[in-house]
Structure formats: C-alpha cells, structure tokens
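All of the numbers you see were taken from the coordinates with simple rules; none came from a lab. Fair warning: this is a prediction, and the values are worked out from it, not measured in the lab. Quick reminder, even Gly has a Cβ in these numbers, built from the backbone with ideal geometry, and neighbours come from all protein chains shown.
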Amino acid sequence: MRTGAAPTQPYTDDDLDWTNETSRVSVEHENPGQRAVGLEQVTPDGWDGYDTVLLGYPIWWGIAAWPVNGFAEGNDFAGKTVIPFCTSSSSPIGDSGELLAEAAGTGDWQEGQRFSQSADADEVAEWAASLAL
C-alpha cells in the first residue's frame with residue numbers, strides 16, 4: 001500500500017529550485033528552524049497493521065527531505081521493520097536513514113538504498129524483489 005505524508009503547503013517547482021537562494025527549500029536549508037513542515041496526514045490509515053514500512057524520500061543537501069522528519073517523529077515504529085530508500089541526483093544515502101531512525105526513536109531500521117535520478121522501473125523492481133517481502 002502506498003501512502004504519502006503530503007505537506008499541508010505543497011512545494012511548487014519554484015519552491016524546489018535549490019539553485020535559487022530565495023526559493024523555499026533554499027531558505028529552509030539556511031534556516032533549520034523553518035524546516036518544521038506540517039503534513040496533511042501524519043499517520044497513515046491502518047498504520048497499526050503494518051509490519052514493514054518502505055520509506056521513500058528525496059535527498060536534500062545530503063539528508064532526507066525535511067517533510068519526512070515529521071512523518072518519522074509523528075509515528076510509533078515499534079514492532080515495525082523500516083527500509084529507507086531515496087532518490088538523489090548526486091548525494092549518497094549517507095546518514096539519512098540513521099537520522100530518521102533517531103527522529104523516530106522506535107522500529108527496526110534497516111540499511112537503505114539510494115537510486116540515482118536515472119534509475120528506471122526495472123532497477124527499482126529488482127531491488128524491491130531482492131527484499132523478499
């Protein structure tokens with residue numbers, strides 16, 4: 001099941017222009033106090049029934065996109081296996097999974113997977129199949 005933790009104020013293409021120092025993400029990057037992003041729904045419907053959570057996100061400046069922090073902080077991952085995965089044009093997955101695990105405080109967080117911006121559906125499907133879920 002796919003669920004999303006969409007920001008209450010969605011990011012526009014202009015907001016996501018990291019090359020513009022006045023864009024929303026650039027301003028939030030420079031001012032960590034502005035990174036608390038409200039989410040439309042923090043806890044997915046049926047959350048208690050999940051045993052395994054595949055947590056996908058883009059990498060922003062070497063870390064998980066900050067809207068994902070609210071999801072990690074706002075849910076109880078106790079008894080759940082969490083497998084992070086991310087997309088990035090140049091940054092590795094780095095410590096993003098570990099930082100999210102720290103924010104969550106609970107759960108069995110596994111090593112994550114990074115996909116480049118050129119990853120195709122076959123590459124992602126091969127990785128997902130290797131998880132043997």
Residue check, residue 102 against (1) farther than 30 Å from residue 129 by Cβ; (2) part of a helix (DSSP H, G or I), all met but one. Which one?
(1)
Conditions first: (1) out of contact with any Gly (no Cβ under 7 Å at 6 or more places or on another chain); (2) in a loop (DSSP other than H, G, I, E, B); (3) surrounded by 14 or more Cβ atoms within 10 Å (Cβ to Cβ). Residue 45 passes all but one, so which condition is the exception?
(3)
Identify the residue in the range 110-122 that is of a type outside the set (S, T, N, Q) and within 20 Å of residue 82 (Cα to Cα) and, among all such residues, is surrounded by the most Cβ atoms within 10 Å (Cβ to Cβ).
112
If we keep only residues of the range 55-75 that are surrounded by fewer than 24 Cβ atoms within 10 Å (Cβ to Cβ) and in contact with a Ser or Thr (Cβ under 6 Å, 6 or more places away or on another chain), then the residue nearest to residue 12 (Cα to Cα) is 58
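Conditions tested, residue by residue: (1) touching a residue at least 24 places away in the same chain (Cβ under 8 Å); (2) of a type in the set (A, V, I, L, M, F, W, C); (3) assigned to a loop (DSSP other than H, G, I, E, B).
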residue	(1), (2), (3)
78	yes, yes, yes
84	yes, no, no
90	no, no, yes
98	no, no, no
118	no, no, yes
127	yes, yes, no
132	no, yes, yes
Out of the residues in the range 56-70 that are outside any loop (DSSP other than H, G, I, E, B) and under 17 Å from residue 117 (Cα atoms), state the one that is nearest to the chain's Cα centre (by Cα).
57
Quick check on the range 78-92. Is at least one of its residues surrounded by fewer than 19 Cβ atoms within 10 Å (Cβ to Cβ), more than 24 Å from residue 125 (Cα to Cα) and not β-branched (Val, Ile, Thr)?
yes
